[in-house]
Amino acid sequence: PSPKTRAIAAEAIGALLKRVSGDVFHSLLEYQCRWMGEREQNEGLARAAAQGVGLFVDTRPDLFKRGGEEGLGMELLVLLSETLASVEKRGPISGVDAADLEEPRERQGEAALGWEMAYHCLGSLGRVYAKLPSMMEGFLHNTSEGMILLSATSEILCYRHAWVRLAASRLMGHYLDRRAAGGSGKTATTAATLASSPFLSEPANAGALAR
């Protein structure tokens, strides 16, 4: 579908999500978790779920966050991070011209390359960071999957597809902005948190970002 068609579809889904009850919203989130968990059996469905998470958090961030560390929102962060890491580990495809992937017109073989999955995971994670920064910060600092996400994102900054690189840059930009003195996150985190980062303190990780 064209970008205009996708935008209209997203607007319609968002309008519906704004009208549903908390229980229905919770049930729909359960479907997103189930589909993301079945990515090896049905990557297309998981890819749709990865994209859909962004709509959920955009329209009802309060309900997305409900449940805290035991909530479905946090479970989806884990699934998105693990999925992104699995895409990153596939590495570059030999014999593929990166220039051909800048503006993809034909879908033949692209799903196997994994760029769409990476792009949608990064996009939804970026929306969570923008809408629920304290939730994302807690995930990054207090879970092992948070470190997995940061590592995968830093590696994917060199991905073969321009759209994926841009999405990864935006997500890492959120993180670095909150580490910087006087950054936009200073009201939501402590000074100690802003000044330090277990991820950035590792030379290998800092080197990956410098590339």
Computed label-point distance, nm, for sites residue 34 and residue 180 using a 7 Å Cα→Cβ extension
4.4
Within the stretch 1-94, list the trypsin sites (Lys or Arg not before Pro) lying in a DSSP loop whose Cβ has at most 10 other Cβ atoms in a 10 Å radius.
89
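Quickly rank 48-57, 114-123, 21-30 as a protection proxy: mean count of other C-beta atoms within 10 Å, highest first.
Details: 48-57: 22.9, 114-123: 24.9, 21-30: 14.4.
Highest to lowest by the protection proxy: 114-123, 48-57, 21-30.
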Measure of compaction for the stretch 11-69 (Cα Rg per 2.2 N^0.38 Å):
1.12
Per residue, how much accessible area does the stretch 1-68 show when a 1.4 Å probe rolls over the protein heavy atoms, in square angstrom?
60
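The values are calculated or read from the model by the stated rules, or taken from the named source; none is laboratory data. Please read all numbers here as calculations on a predicted model, not as lab measurements. Neighbour counts are summed over all protein chains in view; Cβ atoms, including those assigned to glycine, are modelled from backbone coordinates with ideal geometry. Side chains are part of the model used for accessible areas, which takes the heavy atoms of the whole protein and leaves out ligands, DNA and RNA. Shrake-Rupley method; radii C 1.70, N 1.55, O 1.52, S 1.80 Å.
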